[in-house]
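Data block below; observations after.
The values are calculated or read from the model by the stated rules, or taken from the named source; none is laboratory data. Here the structure is a predicted model, which is why all the values come from computation and not from measurement. For neighbour counting, all protein chains shown are included, and Cβ atoms are generated from backbone atoms with ideal geometry for every residue, glycine included. Accessible surface is based on the protein model in full, side chains and every heavy atom, while ligands, DNA and RNA are left aside. Shrake-Rupley method; radii C 1.70, N 1.55, O 1.52, S 1.80 Å.
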Amino acid sequence: MPEFVMYEDAFRRIDEELRRLYQLSNAKLVFLVDKNGQLIASVGETRNIDTTALASLTAGNIAATGGIAKLLGQKEFSILFHEGERDNIHISLVANRVILVVVFDQRSSLGLVRLRVKRSSQVLEQVFQEMDRMKPEEKTTKELSPFADITDEDIEKLFG
Amino acid sequence: MSFINYSTREINCKIVYYGPGLCGKTTNLQYIYKKTAPEQKGKLISLATETERTLFFDFLPLALGDIKGFKVRFHLYTVPGQVFYAASRKLILKGVDGVVFVADSQIERMDANIESLEDLRINLAEYGYDLEMLPFTMQYNKRDLPNIVPVEEMNRVLNPNNVPYYEAVATVGKGVFETLKDIGKQILKELKKNY
Ligand SMILES: Nc1nc2c(ncn2[C@@H]2O[C@H](COP(=O)(O)OP(=O)(O)OP(=O)(O)O)[C@@H](O)[C@H]2O)c(=O)[nH]1
Ligand SMILES: [Mg+2]
């Protein structure tokens, strides 16, 4: 089973880019989710929001529309936009593997969000491409995997 | 596909509860939700029909504790068991780290169990997974009902590879945490093996 491993350095660059996007697009909330629904990073007014649930539902949404696209015989929809009474949500696929979500209200506009998302997507895409290109030995020497010396006892303990 | 984040020191794993309609998948998650401490769980999200049948999925994030300084999270999903939700069911399986198959022990549901297990195998294969290679746990649910198939028979028909199995009455929680622990341990051991 392949794992999705995120190292310090890549995470910092992703986080920086999300912050930039958050500021430049006047958003309320920006977050990045992997296609399986796991939250990678978030920026903004997250205190009263269950970002874990949000991540899972967003991935479900992308998966469902992706399924629809397939039935219609076309490539995945790369952008979804939902307009709400107060907040709007802009969802886009980056590098065909992660989902970038921007929540914004009337302090911003769809045009601005679109533009900034496009720019940020390019940066994020670069980060993911570099992650993919990292050679196996670079990955392992960076830090010891938490599983390298994990014992059955550690696993038992977790489940009390 | 587990997600290991060295920056936030988190490990996320995805567990899917699979099985025929009305076998008790959602009931498993509801019981786990009810019995877990608030700081260990997130919201239980249920995308259901008006009659409480799962429409797309249920989702429950659990954070049970730390291993070597990494916070271990399990994301629990159920699929919609009704036959005509086949497309949605397949989507939920994407990126799965471990599967719990909840079988309905009632005699009249054995055909539905067999069909659902076959459906699971096919859907996994389409993602390039092999059920034999994946952490996999069986749960024989509804053991409280009168018209049930003996465990030996359930094993013979549904569990030829002899994976761990648990008898359960999900409505009162019997066997529910045993099943969860088993699949959780299998997943972590699998992760360990890969390093
Ligand atoms: N007697 C008995 N009833 C059970 C048990 N587990 C679940 N049920 C009941 O079976 C019904 C269906 O349970 P659900 O958990 O909604 O089933 P499900 O597998 O999620 O069904 P779908 O969402 O349609 O796939 C509910 O009325 C439950 O209360 C059990 O162990 N014993
Ligand atoms: Mg259900």
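At-a-glance table
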item: Residues with amide H under 5 Å from that of A:Lys28, placed H, sequence gap 5 or more; result: A:Val103, A:Phe104, A:Asp105
item: Cα-centred dipole magnitude for chain B, charges only on beta-carbon of K, R (+1) and D, E (-1), debye, nearest 20; result: 880
item: Heavy-atom accessible surface of the range B:37-186: percent carbon and sulfur, 1.4 Å; result: 54
item: For the protein assembly as shown, accessible area per residue (1.4 Å probe, heavy atoms of protein chains only), Å²; result: 47
item: Chain A: most fluctuating residue of A:Ala55, A:Ala148, A:Ala27 per GNM, C-alpha cutoff 10 Å; result: A:Ala148
item: Residues of the range A:145-160 buried by at least 50 Å² on assembly (accessible area, 1.4 Å probe, chain alone as reference); result: A:Pro146, A:Phe147, A:Ile150, A:Ile155, A:Leu158, A:Phe159
item: Two-site FRET efficiency, A:Ser109 against A:Gln129, from Cβ-Cβ distance with R₀ of 25 Å, rounded to 0.05; result: 0.25
item: Occluded residues from the range B:85-106, i.e. those whose accessible area drops by 40 Å² or more once the chain is not alone (1.4 Å probe); result: B:Leu91, B:Lys94
item: Rounded to 5, percent antiparallel among DSSP beta bridges of the protein assembly as shown; result: 65
item: Extension gain (nm, one decimal) between B:Leu47 and B:Glu132, 0.36 nm per residue minus Cα-Cα; result: 27.6 nm
item: Residue among A:Lys35, A:Lys75, A:Lys118 with the largest mean-square fluctuation in a Gaussian network model of chain A, springs linking Cα atoms under 10 Å; result: A:Lys75
item: Cα gyration tensor, the range B:78-195 - rounded (a/c under 1.5), prolate or oblate; result: oblate
item: Dipole-positive endmost among A:Ala41, A:Leu158, A:Leu72 within the range A:8-159 (Cβ charges, Cα centre); result: A:Leu72
item: Most mobile listed residue (A:Leu32, A:Leu18, A:Leu115) in chain A, GNM with C-alpha springs under 10 Å; result: A:Leu115
item: For B:Lys174, distant residues with modelled amide H under 5 Å away; result: B:Val169
item: Residue pairs, from the table A:Lys35/B:Lys68; B:Lys43/B:Lys192; B:Lys34/B:Lys142; A:Lys35/B:Lys41; B:Lys35/B:Lys142, whose Cα atoms sit over 25 Å apart; result: A:Lys35/B:Lys68; B:Lys43/B:Lys192
item: Rough spin-label spacing in nm, given labels placed 7 Å along Cα→Cβ, for B:Glu153 and B:Ala125; result: 2.8
item: Size of the B/A contact, given as accessible area buried on both chains, probe 1.4 Å, in Å²; result: 4200
item: Simple Cβ-charge dipole of chain A, Lys/Arg +1 and Asp/Glu -1, about Cα centre, in debye nearest 20; result: 1020
item: Förster radius 22 Å - calculated FRET efficiency between B:Ala86 and A:Gln122, Cβ distance, rounded to 0.05; result: 0.05
item: Carbon and sulfur %, accessible surface of the range A:8-159 computed with the full protein complex present, 1.4 Å; result: 49
item: Across B:Lys94/B:Lys174; A:Lys28/B:Lys181; A:Lys70/B:Lys189; B:Lys90/B:Lys174; A:Lys28/B:Lys71, pairs whose alpha-carbon gap is larger than 32 Å; result: A:Lys28/B:Lys181; A:Lys70/B:Lys189
item: Ellipticity estimate at 222 nm from DSSP helix runs (n ≥ 4, -39,500 (n - 2.57)) divided over chain A, nearest 500; result: -15500 deg cm²/dmol
